[in-house]
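The values are calculated or read from the model by the stated rules, or taken from the named source; none is laboratory data. Since the model is a prediction, treat every value here as computed from it, not as a measurement. Cβ coordinates were reconstructed from backbone atoms using ideal geometry, including for glycine residues, and neighbour counts include every protein chain displayed. Heavy atoms of the whole protein, side chains included, go into the accessibility calculation; ligands, DNA and RNA do not. Shrake-Rupley method; radii C 1.70, N 1.55, O 1.52, S 1.80 Å.
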Amino acid sequence: MNPYWSALVRDLKPYVPGEQPKLDNLVKLNTNENPYPPSPKVLAAIRGELGASLRLYPDPNAELLKQAIARYHGVAANQVFVGNGSDEVLAHAFQALLKQTRPILFPDITYSFYPVYCGLYDIAHETVPLTESFEIRIEDYLRPNGGVVFPNPNAPTGRLLPLADIETLLSKNRDSVVIVDEAYIDFGGESAAALVNRFPHLLVIQTLSKSRSLAGLRVGFALGEPGLIEALERVKGSFNSYPLDRLAIVGGVAAFDDRDHFEWSRQAIMWTRQWLSRGLAELGFEVLPSAANFVFVRHPTHDGAELAAALRERHIIVRHFKLPRIDQFLRITVGTEGECQILLDALSELVAGQAAA
Ligand SMILES: Cc1ncc(COP(=O)(O)O)c(C=O)c1O
């Protein structure tokens, strides 16, 4: 260990992102990227921004982007916070709103960045087990807490919590902030964004990485009551004045302006998800109901880690988590129909052609 490290850095356990392999010709179904390109209008806007203006700093407030997001969600621009991917928005939200005396609550199986932020910001937390069928049960969160955070749909399960349940949680848990991380909401769920004007303790976080095919641009945002947004702005203003560059701002605005492309790509992914889920079920996999751009599956007789390794040998990459309760599962991103067919063909050989593990 380097002697110059701070005690904090010595104890950090950083998040491990899904692999971004350098190999070509891979079927890459491991990090929930969108298989379709971004809107041509986004690319045109970014090209239009490439020029002498790059010598100037961007608008620190990214006002045009906030306005585009506010228009889309039917809120005011001062109810929108933007950041460098929703990971950065989440990080600021943890520090600004969830560092309280009482421990915060999140599911035992969820986005594995949450405990990492708790480590970074020294936030006490308790995990709440999902049910046997991997669902969030709202009643389990109705106890004193410093805040509640969960993805909806949850990751990596893909299971959706109905908006009515979120409303119940917000009505019964009024003393702390509830953060709903909606990274995957556009693939079949109903956004809690509609509730931000009724509940001053609700923060909804979304991203352009998934449903708008812009994981490489790094744009995420939060919606909430202006007081909550101001808390995030205070952290941002103490950390980095320009988290969104000029290209991200114009690209983000164009993404919200091209509703047709957005609708087309999310419908295509939802259709492929249905088709892929049926194909996997026919191969004997248990497929959890998913409202996301991935499916979470396990086979009754084939080991999850071994399947992931065998797929990798065939140049197909899926995500496997070596974690309690879910180490038999594979999380498979919904790719194009062609990619999913390659996956189904490979799995068909693996589960039919070989003896059970
Ligand atoms: C549940 C969840 N939240 C947030 C993110 C972060 O997304 P980004 O930082 O690309 O906006 C991810 C990424 O996979 C995710 O799965």
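Please work out which residue is surrounded by the most Cβ atoms within 10 Å (Cβ to Cβ), limiting yourself to segment 211-225 and to residues that are touching an Asp or Glu at 6+ places or on another chain (Cβ under 7 Å) and in a loop (DSSP other than H, G, I, E, B). Lay out the reasoning, then the answer.
Within segment 211-225, the first condition is being touching an Asp or Glu at 6+ places or on another chain (Cβ under 7 Å), and the residues that meet it are 211, 215, 220.
Among the residues that remain, those that are also in a loop (DSSP other than H, G, I, E, B) are: 211, 215.
Details: SER211: 22, ALA215: 17.
Per the criteria, the residue is SER211.
The residue list GLY220, GLY216, GLY252 contains one member that is within 15 Å of the ligand (Cβ to nearest atom), free of Cβ contacts under 8 Å to residues at least 12 places away in the same chain and out of contact with any His (no Cβ under 6 Å at 6 or more places or on another chain), which is GLY216. Here the condition is being among the aromatic types (Phe, Trp, Tyr) and over 16 Å from PRO151 (Cα atoms); of PHE221, PHE239, it holds for PHE239 alone. Once segment 176-210 is narrowed to residues that are acidic (Asp, Glu) and assigned to a loop (DSSP other than H, G, I, E, B), the residue that is nearest to the ligand (Cβ to nearest atom) is GLU182. The set of residues from segment 148-175 being away from the ligand (no atom under 16 Å from the Cβ) and open to solvent by less than 10 Å² (accessible area, probe 1.4 Å) comprises LEU169, LEU170.
All of GLY284, GLY252 fail the test of being of a type in the set (Gly, Ala, Ser), more than 21 Å from VAL27 (Cα to Cα) and not assigned by TED's automatic domain parsing to the domain that holds LEU214, apart from GLY284.
Given GLU132, GLU88, which one is more than 18 Å from the chain's Cα centre (by Cα) and either outside any loop (DSSP other than H, G, I, E, B) or more than 16 Å from the ligand (Cβ to nearest atom) (or both)? Give the steps one after another, and end with the answer.
Numbers: GLU88 fails: more than 18 Å from the chain's Cα centre (by Cα).
None of the other options fit; the residue is GLU132.
Determine whether segment 19-39 contains at least one residue that is open to solvent by 70 Å² or more (accessible area, probe 1.4 Å), more than 16 Å from the ligand (Cβ to nearest atom), hydrophobic (A, V, I, L, M, F, W, C) and farther than 30 Å from ALA309 by Cα. Scanning segment 19-39, I find no residue that is open to solvent by 70 Å² or more (accessible area, probe 1.4 Å), more than 16 Å from the ligand (Cβ to nearest atom), hydrophobic (A, V, I, L, M, F, W, C) and farther than 30 Å from ALA309 by Cα, so the answer is no.
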